[in-house]
Amino acid sequence: MDRGAVETSPEGAQASSARSASPAADVTTAPVLGSERATTDASAPVAPDAVLPDHAAAKPRRRAPLALDLTLLGVVGVLLAGAVVAGGAVLYREFYSPAAFVQRYLGLLSDGHAADALAVPGVAVDSAELEAAGLPAQASEALLRSAALAKLTDVEVVSETTDGDITEVTVAYKAGPYPGRTTFEVESNGQVGVAPTWRFARSPLAVVDLTVLGSMSFDVNGFTIDKRQVSIDGVDADPVAPLPLLVFSPGVYSVSVDTAISSTRGVAVLSDSPLKSTTVSVQAEPTEQFVAIVQQRVDEFLTSCATQKVLMPTACPFGYTVEDRISTAPAWSIVKQPAITVEPDGANWTIPTTEATAHIEVDIRSLFDGRVRHVSEDVPFLMTGTITVTPTGAASIVVSGTDTR
């Protein structure tokens, strides 16, 4: 026996052997990396002061109360409902409201889609509606086309108010360079599915009562119109009678004349009141080319008059009166042609009173004593003229006046 060894009984030795073997048992039963099996001593007792691993110590989580779950679901439902309502309000405002309806109409005008704008519910009118509004029942539709539209910009809804079945939508905009503001009356037109539809309770069309003097044709926003094409009298249209023309409202319409005979700088009218009439009068002025042609024709006419070898040339504005008898045929010449100007005269033109001078050479025999004297004399005269433009566009000039000095 080695020194220091302690003798024990077999039972004690067995117990001691068991205690000393415990660490070895722990080592051999621990999981080994890569091993297919790991054995444990299921029968080994657990010491009272042993510490369990965290996962073994964790207790199962208790379920949240049902009331809390229902509350959370309710909050989510309210949020979703609010989002749906807010989204629906945005969709209504942007696409299905009276203001959106008016904006679509204005967008069609701005894009030049006249036919589509005219097809918008409540836009087109008949003669009965025009008469009820105090407008000419036979107003022409010649300007209700894309070629006569001017662009609208900066369109903005200012207000939308409802009174009973009518909603008034006020819109600000710029028609060409001119700012404007128009109030439209809109009413329900049923619905498509769940979406409401609208129509104009009062048509946004208006009338321009246009008088153009000095020309049978004129331009509106660059679109050319002949009075005989739009007048209810056709080819017998009165050149000075006003023409009632239907126009879209809002819109700016620039009226001008640009022909070989006459022209004007143009007059712009802003139509901003539905079913209202606006009176416009345009006076064309003669072009320089036209005045030059009239001057040439008058010069030729007076020169032709001077070829007549009589004291009083027929249908001419000058002549010479004597009490004696002429001895030789008179010889005329024009020494000063008139300086022609042309002025408007209703649908036609007039040549204001103008001074000119003719010259006569003639021998005159005295009835008293038979002597002959030679006359060489300037003969001043005043002339006027009228100019009528025919349906074919030709100008007919009539010169008159026989006053002498």
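Per residue, how much accessible surface does region 301-373 expose to a 1.4 Å probe? Answer in Å², no decimals. Mind showing how you got there, number by number?
Working: 3900 Å² over 73 residues.
That works out to 53 Å² for each residue.
Whenever you get a sec, compute what percent of the accessible area on region 252-317 sits on carbon and sulfur atoms (1.4 Å probe). Let's see the in-between values first.
On the way: 1740 of 3380 Å².
Reported share for carbon and sulfur atoms: 52 percent.
The amide H of residue 269, built 1.01 Å from its N in the peptide plane, has 253, 254, 255 as neighbours under 5 Å, considering only residues 5 or more places off or on other chains.
Applied to region 379-386, the Karplus parametrisation 6.51 cos²θ - 1.76 cosθ + 1.60 on θ = phi - 60° returns per-residue 3J(HN,Hα) values of 10, x, 8, 10, 9, 10, x, 10 Hz, with x for Gly and Pro. Of all lysines in the structure, the ones whose alpha carbon falls short of 26 Å from that of residue 227, not counting any fewer than 8 places away in one chain, are 151, 276. Applied to region 279-290, the Karplus parametrisation 6.51 cos²θ - 1.76 cosθ + 1.60 on θ = phi - 60° returns per-residue 3J(HN,Hα) values of 8, 9, 10, 10, 10, 7, 10, x, 7, 4, 4, 5 Hz, with x for Gly and Pro.
Under 5 Å between amide hydrogens, built in the peptide plane, is the criterion, and for residue 345 it picks out 350 among residues at least 5 positions away or on other chains. Taking amide H as placed 1.01 Å from N in the peptide plane, the amide H of residue 326 sits under 5 Å from that of 365, each at least 5 places away or on another chain.
Classify region 266-321 as rounded, prolate or oblate, taking a ≥ b ≥ c as the square roots of the eigenvalues of its Cα gyration tensor: rounded when a/c is under 1.5, otherwise prolate if a/b is larger than b/c and oblate if not. Verdict is prolate for region 266-321.
Across region 306-354, counting alpha-carbon atoms alone, Rg and Dmax equal 15.4, 48 Å. A straight line joining the Cα centroids of region 198-236 and region 253-309 runs 19 Å. Give, rounded to the nearest 20 debye, the magnitude of the charge dipole that region 279-399 has about its Cα centre when Lys and Arg contribute +1 at Cβ and Asp and Glu contribute -1 at Cβ. The dipole of region 279-399 has a size of about 360 debye.
Report note on the peptides 130-137, 191-198: ranked by the mean count of other C-beta atoms within 10 Å, highest first, their order is 130-137, 191-198.
Straight-line cross-link reach from residue 336 at under 22 Å between alpha-carbon atoms covers these lysines, not counting any fewer than eight positions away in the same chain: 309. The peptide list 144-151, 367-374, put in order of mean Cβ contacts within 10 Å with the highest first, becomes 144-151, 367-374.
The values are calculated or read from the model by the stated rules, or taken from the named source; none is laboratory data. Predicted model only: the values in this text are computed from it and were never measured. FYI the Cβ positions are ideal-geometry reconstructions off the backbone, even for glycines, and counts take in every protein chain you see. With ligands, DNA and RNA removed, areas are computed over all heavy atoms of the protein, side chains included. Shrake-Rupley method; radii C 1.70, N 1.55, O 1.52, S 1.80 Å.
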